[in-house]
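The values are calculated or read from the model by the stated rules, or taken from the named source; none is laboratory data. The model shown is predicted, which means the values in this text are computed figures rather than measured ones. Please note: Cβ atoms are built from the backbone with ideal geometry, for glycine as well, and neighbour counts cover all protein chains shown.
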Amino acid sequence: MRKSLRALALTLVCLFSVFCLPTMAGQKPAEDAVLIVAFGTSVKKARASYANVEQQVKAAFPGREVRWAWTAHSLLRTASPGNAMPTVQEALAKLAAEGTKNVSILSLHVIPGAEYNDLLRTARAQEGLPKGLRQVRLVPPLLHDTDSLREVARLLMQSLPKERKNDEAALFVGHGTHHAAGVFYPALQYYLNTLDKNVFVGTIEGDLDFDAVLKQIRTRGARKVWLAPLMTVAGDHASNDLFGADPESWRQRFLKNGIQVQGIAKGLGEYPVFVNRWVEELKQLGKMGKPETAMSTTRVR
Ligand code: CO
């Protein structure tokens with residue numbers, strides 16, 4: 001019995017050295033990595049959206065190191081117990097220390113607001129340091145120029161359920177901001193309007209608030225609204241501000257105003273069209289001779 005155990009242990013050691021040692025010895029640090037950066041969420045269920053993005057990125061870049069960072073500092077410690085999510089700075093520093101040379105950052109932000117601009121600054125500071133990262137490139141936020149506005153408007157229309165009737169309103173509610181990039185929300189409203197007069201954009205913070213949107217929906221005479229978050233994850237804002245039981249939620253206020261609500265509680269990361277777009281943008285970053293997509297051109301002050 002003892003003998004056979006020893007034989008087994010010996011066999012295992014041999015197997016280990018045959019299969020593991022050469023790869024351990026020959027393991028070079030990954031030259032290229034993808035860093036996915038999101039705001040973060042405290043809602044566990046909402047992470048399905050992030051998981052889906054990660055899965056698609058890994059499938060598109062097999063063998064490439066894929067890491068995460070969150071920009072909402074208050075949420076980092078809540079990511080998972082005993083396993084905090086790194087900041088962008090921490091994630092980039094770690095990759096550099098491991099010998100990574102090129103990092104493609106996939107920003108899951110919707111607009112180039114304060115969060116995105118902080119990310120941009122951090123990324124730029126980490127680029128080209130001696131013995132550090134050679135190149136850091138960023139995929140811009142979903143909305144960042146006229147082409148992206150036109151394209152996102154088209155994709156949002158595509159993502160609406162087929163059961164929605166033409167005379168029913170659809171409303172996408174974004175986070176909103178007091179940053180200058182808040183103009184992207186009314187701009188998106190414009191492009192959506194060129195496709196469908198009954199599709200609207202609202203924001204939880206800022207000028208496109210419930211009253212402003214209600215007024216517009218009333219002028220169209222719609223009796224029903226399809227309500228969806230315009231956010232990467234359907235997290236806290238979706239479950240409370242949009243769909244909550246509180247009389248202040250958008251759902252309850254619509255009901256109080258005699259407008260039926262059909263909730264679509266999905267984050268953008270749960271729609272294949274948006275995830276495909278992110279993956280496509282990442283692929284574009286990797287193409288040489290495309291300085292247009294390097295971070296210097298995505299600067300928004
Ligand atoms: Co918020």
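For VAL110, are the conditions met, namely being within 16 Å of the ligand (Cβ to nearest atom), among the β-branched types (Val, Ile, Thr), touching a residue at least 12 places away in the same chain (Cβ under 8 Å) and buried (at least 19 other Cβ atoms within 10 Å of the Cβ)?
yes
Counting just the residues of the stretch 24-70 that are within 16 Å of the ligand (Cβ to nearest atom) and among the polar types (S, T, N, Q), which one comes out modelled with the highest pLDDT?
Ranking the qualifying residues of the stretch 24-70, first place goes to SER49.
Among SER249, SER239, which is without any contact (Cβ under 8 Å) to a residue 24 or more places away in the chain and within 16 Å of the ligand (Cβ to nearest atom)?
The match here is SER249.
Quick check on my filter: what residues within the stretch 200-212 are surrounded by 22 or more Cβ atoms within 10 Å (Cβ to Cβ) and among the hydrophobic types (A, V, I, L, M, F, W, C)?
Once the filter is applied, which keeps residues that are surrounded by 22 or more Cβ atoms within 10 Å (Cβ to Cβ) and among the hydrophobic types (A, V, I, L, M, F, W, C), the stretch 200-212 yields PHE200, VAL201, LEU208.
Confirm whether ALA181 is within 16 Å of the ligand (Cβ to nearest atom) and over 20 Å from LEU242 (Cβ atoms).
For ALA181, the condition - within 16 Å of the ligand (Cβ to nearest atom) and over 20 Å from LEU242 (Cβ atoms) - is met.
May I ask you to verify whether ALA125 is over 29 Å from ALA234 (Cβ atoms), in contact with a Gly (Cβ under 9 Å, 6 or more places away or on another chain), surrounded by fewer than 23 Cβ atoms within 10 Å (Cβ to Cβ) and among the hydrophobic types (A, V, I, L, M, F, W, C)?
no
Taking the stretch 191-231 on its own, how many of its residues are of a type in the set (S, T, N, Q) and free of Cβ contacts under 8 Å to residues at least 12 places away in the same chain?
Total satisfying the criteria: 2.
When the residues of the stretch 184-209 are filtered to those that are modelled with pLDDT of 95 or more and within 16 Å of the ligand (Cβ to nearest atom), which remaining residue is nearest to LEU242 (Cα to Cα)?
ILE204
Any residue in the stretch 125-133 that is in a helix (DSSP H, G or I), under 23 Å from VAL275 (Cα atoms) and more than 15 Å from the chain's Cα centre (by Cα)?
no
Identify, from the list ALA234, ALA265, the residue that is surrounded by 15 or more Cβ atoms within 10 Å (Cβ to Cβ), touching a residue at least 40 places away in the same chain (Cβ under 8 Å) and under 18 Å from LEU156 (Cα atoms).
After ruling out the rest, the residue left standing is ALA234.
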